[in-house]
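What follows is a short report on a single structure.
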Amino acid sequence: MVQLVGSLRKELADSLSTCKVLVVGAGGIGCELLKNLVLTGFKNIEVVRFIYFCLCVSVAKESALQFCPSANITAYHDSIMNPDYNVEFFRKFMLVMNALDNRAARNHVNRMCLAADIPLIESGTAGYLGQVTVIKKGMTECYECQPKPTQKTFPGCTIRNTPSEPIHCIVWAKYLFNQLFGEEDADQEVSPDTADPEAACENGWIVIETAARATASEKDGDIKRISTKEWARSTGYDPCQTLQQDDIMYLLTMDKLWKKRKAPTPLDWQQLENSMCPQEETPVSGLKDQQVLGVWGYCQLFQHSVETLRSQLQEKGEGAELAWDKDDPPAMDFVTAAANLRMHIFSMNMKSRFDVKSMAGNIIPAIATTNAVIAGLIVLEGLKILSGELESCRTIFLNKCPNLRKKLLVPCILDPPSANCYVCASKPEVTVKLNVHKTMVLSLQDRILKERFGMVAPDVQIEDGKGTILISSEEGETEANNSKFLADFGIRNGSRLQADDFLQDYTLLINVLHTEELERDVEFEVVGEAPDKAPPPQNNQEEVNSITNGNKDSAQPSTSYKAPAADDDIMIVDSDEEGGVSSSSAAAVSSGTKRKHSDTETGETSTKRPRTEQSSAAAALTDNDDDDDIIALD
């Protein structure tokens with residue numbers, strides 16, 4: 001007769017009390033998950049979460065302990081990508097559970113679990129939609145087996161000079177936050193971009209020298225350019241005049257930018273203050289976060305948030321930095337106000353705090369019930385793994401509306417690993433198309449290896465028979481190479497590079513395909529996920545994709561170009577038969593075709609119904625937890 005401890009077999013209950021599990025993320029899903037784990041009988045739990053408020057992890061821990069005071073919960077306020085959390089750290093656990101919304105962190109945890117050969121339960125929510133899946137090395141697809149929609153980025157000249165959509169202004173405001181209060185990044189400059197190609201001379205791509213601009217006449221603004229950080233310190237963080245007036249006057253001197261688009265209007269802060277201060281703005285009805293304030297209202301919000309953030313920075317001491325977090329009210333107020341003032345300057349309709357937060361965090365507002373359901377499903381899949389029943393694990397989709405079988409939860413069999421995955425394949429390999437005469441070593445390291453392929457600390461060796469070290473993760477060893485071009489090291493069409501990340505225990509072979517036909521603002525392209533062979537030198541493939549830039553809030557064209565967004569509509573599976581549907585067929589597809597599968601219970605053939613455009617945004621399933629990416633758990 002089977003012995004039970006509560007609702008669990010005694011053997012399983014004993015296993016729960018002794019096994020050690022890791023939870024990554026302690027937000028909407030993570031907090032629910034901690035509660036569920038201790039109530040189920042897990043006694044040894046470690047949780048890692050990086051967020052501006054270290055208090056959040058402690059609150060989650062203390063709340064969970066109220067349900068089971070005897071549980072041993074260790075909370076880390078840190079980034080899971082910290083080298084301290086290496087493969088040996090992951091091997092301590094029998095199970096890892098992800099509750100993240102950051103693609104880079106998801107990729108990293110996926111690789112660490114593959115290296116440690118530890119089962120990973122991945123999860124995410126978006127409004128009423130949710131998903132849970134299990135990842136096991138050699139048995140299932142890993143998180144990176146299926147390509148994810150490319151995250152939208154915007155060239156610097158658009159952000160700094162010619163914003164045409166609210167999202168451009170919001171990105172600029174987030175950059176400004178980092179320039180003033182956070183970690184300064186040269187790629188997040190907010191001052192006018194004098195190297196804008198559209199502002200170049202008629203007879204070539206010769207850009208007007210910055211020094212010449214600095215000596216412009218009084219009519220042209222007569223503004224001397226200094227770095228944002230230097231200026232902020234020298235003015236006691238008084239950003240009003242420079243950002244909304246001086247920088248805009250400087251932009252107006254770049255007259256070629258405004259021949260075919262409406263020019264911005266500098267915001268005269270002093271005049272606005274004199275005219276608006278004595279008056280009360282018309283009260284706005286509705287919820288506070290959904291109100292759109294007037295210009296003076298955002299001016300006041302901007303000033304107040306700057307003062308608050310400056311005080312926080314001073315309290316932290318010399319050399320301290322703040323990290324932007326959508327759940328930090330002063331930081332969110334700062335971005336909301338700064339973005340809206342810039343929208344006003346560039347003749348766009350201003351947005352509510354709610355709208356700005358949704359775009360700034362790329363999030364769909366969380367629904368507690370969805371998080372609770374997904375957290376419960378994570379535990380159920382975890383119990384299967386600890387019972388040794390990995391073959392019975394499923395990818396489970398939570399739909400907003402019942403399917404044709406009147407089911408909200410749709411379980412699907414787990415797919416096997418993809419032979420073309422550049423992460424979990426036996427010999428990961430990719431081909432990268434770039435211009436070896438224009439691509440610098442630093443760009444290879446930061447843009448390609450770290451951003452595109454998710455490495456943390458890459459080492460790169462050229463397969464030239466000499467073992468030439470191009471990039472070293474050891475500080476100072478190869479920094480002199482950063483400003484050199486790949487061609488300077490003999491890298492040409494058909495060259496092969498070996499990139500190693502020892503933290504992730506990950507090696508990737510990169511075949512270089514040299515081309516001079518990349519579109520403007522495109523630094524490189526990945527050709528296939530895992531090519532069979534290195535491309536022959538004589539077969540350079542031309543890029544034929546048309547790249548355009550949309551424009552929603554302004555009738556004027558933008559300076560830049562961007563790739564069209566990937567089609568990532570969610571498809572609803574109209575069957576709950578586990579054996580009939582695989583997780584890949586139930587995931588988002590971009591082909592636009594309907595797939596069919598047989599319903600083994602009824603003998604009928606059912607189809608997936610594509611969601612309407614309104615539901616397309618929900619294709620990115622996330623836990624509104626740590627950072628600000630929307631991730632489709634394909």
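Summary of values
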| read-out | value |
| --- | --- |
| Check on V456, modelled with pLDDT of 95 or more, under 30 Å from Q498 (Cβ atoms) and not in a helix (DSSP H, G or I) | no |
| Residue pairs meeting the criteria (Cβ under 7 Å; at least 6 apart or on separate chains; first touching a residue at least 12 places away in the same chain (Cβ under 8 Å) and farther than 16 Å from L180 by Cβ, in the stretch 313-329; second part of a helix (DSSP H, G or I) and among the basic types (K, R)) | K326/K357 |
| Condition check for M455: under 30 Å from V335 (Cβ atoms), in contact with a Gly (Cβ under 9 Å, 6 or more places away or on another chain) and not assigned by the TED database to the domain that holds G138 | no |
| Test for K400: is it surrounded by fewer than 20 Cβ atoms within 10 Å (Cβ to Cβ) and in contact with an Asp or Glu (Cβ under 9 Å, 6 or more places away or on another chain) | no |
| Any hit, the stretch 318-336, residues being closer than 30 Å to V132 by Cα and over 20 Å from the mean Cα position of the chain (by Cα) | no |
| Residues within the stretch 87-102 that are of a type in the set (A, V, I, L, M) and either over 17 Å from D117 (Cβ atoms) or within 23 Å of the chain's Cα centre (by Cα) (or both), tallied | 4 |
| Tally, over the stretch 318-353, of residues that are of a type in the set (G, A, S) and surrounded by 21 or more Cβ atoms within 10 Å (Cβ to Cβ) | 4 |
| Flag for V356 being among the aliphatic types (A, V, I, L, M), modelled with pLDDT under 95 and touching a helix residue (DSSP H, G or I) at 6+ places or on another chain (Cβ under 8 Å) | yes |
| Residue pairs meeting the criteria (Cβ under 8 Å; at least 6 apart or on separate chains; first more than 17 Å from I345 (Cα to Cα) and at pLDDT 90 or above, in the stretch 283-305; second of a type in the set (A, V, I, L, M, F, W, C) and open to solvent by less than 10 Å² (accessible area, probe 1.4 Å)) | S305/A331; S305/F334; S305/A337 |
| Which numbered condition A419 misses (of (1) open to solvent by 20 Å² or more (accessible area, probe 1.4 Å); (2) in contact with a Ser or Thr (Cβ under 7 Å, 6 or more places away or on another chain); (3) touching a residue at least 12 places away in the same chain (Cβ under 8 Å)) | (2) |
| Test: V379 is of a type outside the set (K, R), part of a helix (DSSP H, G or I), open to solvent by less than 20 Å² (accessible area, probe 1.4 Å) and more than 20 Å from A126 (Cβ to Cβ) | yes |
| Whichever residue in the stretch 364-419 is small (G, A, S) and more than 24 Å from the chain's Cα centre (by Cα) and, among such residues, is nearest to A13 (Cα to Cα) | S387 |
| Matching residues, the stretch 66-117, being modelled with pLDDT of 90 or more, open to solvent by less than 20 Å² (accessible area, probe 1.4 Å) and not in a helix (DSSP H, G or I) | I73, I80, Y85, F93, L95, V96, M97, N98, A99 |
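Per-residue answers, yes or no, for (1) outside the structural domain of E389 (by the TED database); (2) without any contact (Cβ under 8 Å) to a residue 40 or more places away in the chain:
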| residue | (1), (2) |
| --- | --- |
| L114 | no, no |
| I118 | no, yes |
| Y128 | no, no |
| T140 | no, no |
| P166 | yes, no |
| V171 | yes, yes |
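The values are calculated or read from the model by the stated rules, or taken from the named source; none is laboratory data. Bear in mind that the values here come from a model prediction, so they are computed numbers and not experimental data. We place every Cβ from the backbone using ideal geometry, glycine too, and count neighbours over all the protein chains shown. What goes into the accessible areas is simple: the full protein's heavy atoms, side chains included, and nothing from ligands, DNA or RNA. Shrake-Rupley method; radii C 1.70, N 1.55, O 1.52, S 1.80 Å.
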